[in-house]
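Quick note: the coordinates plus some simple rules give every number you see, no bench work behind them. These figures come from a predicted structure and were not determined experimentally. Positions of Cβ are generated from backbone atoms using ideal geometry, with glycine treated the same way; all protein chains shown enter the neighbour counts.
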Amino acid sequence: MRRLADDRGAATVVLVSMLVLLLALTAAVLQMTRIAVARAQVSAAADLAALAAAHAGQCAPAAAVARANGAALVTCEQAGPDFSVRAERDVLVLAGRHVRLEALARAGPPD
């Protein structure tokens, strides 16, 4: 059987296309993983900040705890013995863009 001259190099083009697609898919998965990890971290920072505020009975230590856990404290409000906090964190994604993640948490004093 004789090969057509037009088919030469077609496998290379397909292989390069598949490699580019695989790299793009890997980059997307890595970005989603980065955002998921940062979301868990900001949630943990908000939880710990709320617990610190409830333990101290005031909002003062909440900012330091949130900052120590990689987030910024946005609000801390006291409603009776309970404290509600909101923390946020910026995450770098592709092309230099940032995504702001927020988490809310509430805690009360230990019984």
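Values as computed for the structure displayed
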| read-out | value |
| --- | --- |
| Where Val42 falls short, out of the listed (1) closer than 16 Å to Gly108 by Cβ; (2) surrounded by 10 or more Cβ atoms within 10 Å (Cβ to Cβ); (3) touching a Gly at 6+ places or on another chain (Cβ under 9 Å) | (1) |
| Count of residues meeting criterion [part of a strand (DSSP E or B), β-branched (Val, Ile, Thr) and touching a residue at least 24 places away in the same chain (Cβ under 8 Å)] in segment 59-105 | 4 |
| Residue tally, condition within 24 Å of the chain's Cα centre (by Cα) and not aliphatic (A, V, I, L, M), over segment 44-76 | 7 |
| Residues of segment 69-91 that turn out to be of a type in the set (A, V, I, L, M) and exposed (fewer than 13 other Cβ atoms within 10 Å of the Cβ), as a count | 1 |
| Test: Val37 is touching a residue at least 12 places away in the same chain (Cβ under 8 Å), within 9 Å of the chain's Cα centre (by Cα) and surrounded by 10 or more Cβ atoms within 10 Å (Cβ to Cβ) | no |
